[in-house]
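The values are calculated or read from the model by the stated rules, or taken from the named source; none is laboratory data. In this text, all values refer to a predicted model and were calculated from it rather than measured experimentally. Virtual Cβ from ideal backbone geometry, glycine too; neighbours counted across all protein chains shown.
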Amino acid sequence: MTDKALDLSVTIAGIRMKNPLMVASGTFGYGEAYASFIDNNILGAIVTKGISLEPSQGNLPPRIVETPSGMLNAIGLQNVGLECFIKEKMPYLRQFATPVIVNFYGTSIADYIKLAERLTGVDGIAGLEANISCPNIKEGGISFGTDPAMASRVTEGIRKATTLPLIVKLTPNVTDIGAIAKSVQDAGADALSLINTFTGMAVDVDTCKPVLANITGGLSGPAIRPLALRMVWETLKRVSIPVIGLGGIMNAQDALQFLIAGARAFEIGTALFVNPQAPYEILNGIESYLQKRNLSALSEVIGTLQQ
């Protein structure tokens with residue numbers, strides 16, 4: 001990055017981050033996957049792969065397919081499980097001067113509560129990101145994220161179970177994301193992250209079968225960015241808590257669109273599969289943007305959308 005001293009710091013739900021760049025859950029593993037490409041200390045925050053109470057093998061392959069300007073994934077939230085994560089993954093993550101935010105999911109409110117209770121107090125965890133929105137499991141998560149009342153109930157349960165900062169991740173597969181966001185805010189969320197992937201599918205025209213073994217999967221990548229940006233903008237009109245934007249962010253200009261629209265931070269995911277050096281390039285690009293405009297802090301950019 002450039003030598004000029006610029007203040008890129010942001011605070012989300014009480015979590016102080018050196019810059020607004022976060023890595024999205026499910027795309028960065030548990031911090032080790034990109035060790036040969038990225039210094040984790042440059043990141044604003046690491047959001048871990050989604051954790052469940054018990055280990056999960058996820059869905060059967062094939063479970064990834066490339067699409068125009070994006071990809072479909074039906075990984076199915078494969079993960080090592082809560083206890084293994086705490087014992088084997090957190091020691092590695094604790095060595096970095098970067099906040100660790102643990103993404104977690106359940107198939108019942110009781111699951112979410114148990115996870116939140118167990119994660120609270122674990123050394124090195126700065127906050128939680130509750131995934132109430134994943135489209136890649138057969139039951140559970142998606143129902144919470146598509147209904148305001150259910151979203152409120154699960155958020156309220158988690159809020160009572162933890163003193164950690166609570167970010168709730170929202171699904172775009174709804175008719176009124178503002179209503180969901182408002183219900184989650186009112187139930188005690190400290191911040192929101194949006195959007196998760198859109199539900200989509202692909203068909204093999206030679207076999208006349210779905211390409212994914214799960215039939216449907218989550219669409220991510222540049223194809224969804226305009227939709228994600230619109231939903232972030234809509235949500236910000238309904239809530240007062242910080243919003244983290246994500247969805248198809250590939251470069252600095254993409255990230256800046258979300259920040260200008262009012263997001264306090266952003267997460268990158270699919271970009272890492274295409275370009276593992278993306279975090280460096282995005283942060284350099286944001287610094288260059290500030291310098292060209294003689295700005296000294298990122299706060300002078302956030303929420304500057306002219307309407």
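For the range 118-128, enumerate the residues that are in a loop (DSSP other than H, G, I, E, B) and surrounded by 18 or more Cβ atoms within 10 Å (Cβ to Cβ).
Residues satisfying the conditions do not exist here.
Within the range 90-117, track down each residue that is under 16 Å from Arg153 (Cα atoms), small (Gly, Ala, Ser) and surrounded by fewer than 20 Cβ atoms within 10 Å (Cβ to Cβ).
Ser108, Ala110
What number goes with the only condition from (1) surrounded by fewer than 19 Cβ atoms within 10 Å (Cβ to Cβ); (2) modelled with pLDDT of 95 or more; (3) of a type outside the set (Lys, Arg) that Leu82 does not pass?
Only one criterion in (1) surrounded by fewer than 19 Cβ atoms within 10 Å (Cβ to Cβ); (2) modelled with pLDDT of 95 or more; (3) of a type outside the set (Lys, Arg) is unmet by Leu82, namely (1).
Determine which single condition Gly76 fails, assuming it passes every other condition in (1) part of a loop (DSSP other than H, G, I, E, B); (2) within 18 Å of Pro279 (Cβ to Cβ).
Unmet condition: (2).
Residue-wise test of (1) among the hydrophobic types (A, V, I, L, M, F, W, C); (2) more than 16 Å from Phe144 (Cβ to Cβ); (3) crowded, with 17+ Cβ neighbours inside 10 Å.
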position: Asp176; (1), (2), (3): no, no, no
position: Asp186; (1), (2), (3): no, no, no
position: Asn196; (1), (2), (3): no, no, yes
position: Met201; (1), (2), (3): yes, yes, no
position: Lys209; (1), (2), (3): no, yes, no
position: Ile215; (1), (2), (3): yes, yes, no
position: Leu219; (1), (2), (3): yes, yes, yes
position: Pro226; (1), (2), (3): no, yes, no
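Mind counting the residues in the range 181-210 that are in a strand (DSSP E or B) and hydrophobic (A, V, I, L, M, F, W, C)?
So the first thing to find is which residues in the range 181-210 are in a strand (DSSP E or B), and the list is 191-194, 198-201, 203-204, 209-210.
From what is left, the residues that are hydrophobic (A, V, I, L, M, F, W, C) are 191-192, 194, 198, 201, 203.
The number of residues fulfilling the criteria is 6.
Among (1) without any contact (Cβ under 8 Å) to a residue 24 or more places away in the chain; (2) more than 24 Å from Val65 (Cα to Cα); (3) among the aliphatic types (A, V, I, L, M), where does Ile241 come up short?
Condition (1) is where Ile241 drops out.
Read through the list (1) closer than 29 Å to Leu60 by Cβ; (2) at pLDDT 95 or above; (3) surrounded by fewer than 22 Cβ atoms within 10 Å (Cβ to Cβ), then give the number of the only condition that Gly140 fails.
Answer for Gly140: the failing condition is (2).
Restricting attention to the range 91-110, report how many residues are more than 19 Å from the chain's Cα centre (by Cα), among the aliphatic types (A, V, I, L, M) and modelled with pLDDT of 95 or more.
Adding up the residues that qualify gives 1.
Quick one: which of Arg264, Arg238, Arg230, Arg293 is buried (at least 20 other Cβ atoms within 10 Å of the Cβ), at pLDDT 95 or above and not hydrophobic (A, V, I, L, M, F, W, C)?
Arg264
Being in contact with a Gly (Cβ under 6 Å, 6 or more places away or on another chain) and either of a type in the set (Asp, Glu) or free of Cβ contacts under 8 Å to residues at least 40 places away in the same chain (or both) is the filter here, so list the residues in the range 19-57 that pass it.
Hits for the range 19-57 are Glu54, Pro55.
Evaluate the following for Ala213: is it under 26 Å from Thr107 (Cβ atoms), out of contact with any Phe, Trp or Tyr (no Cβ under 7 Å at 6 or more places or on another chain) and either not hydrophobic (A, V, I, L, M, F, W, C) or not in a loop (DSSP other than H, G, I, E, B) (or both)?
no
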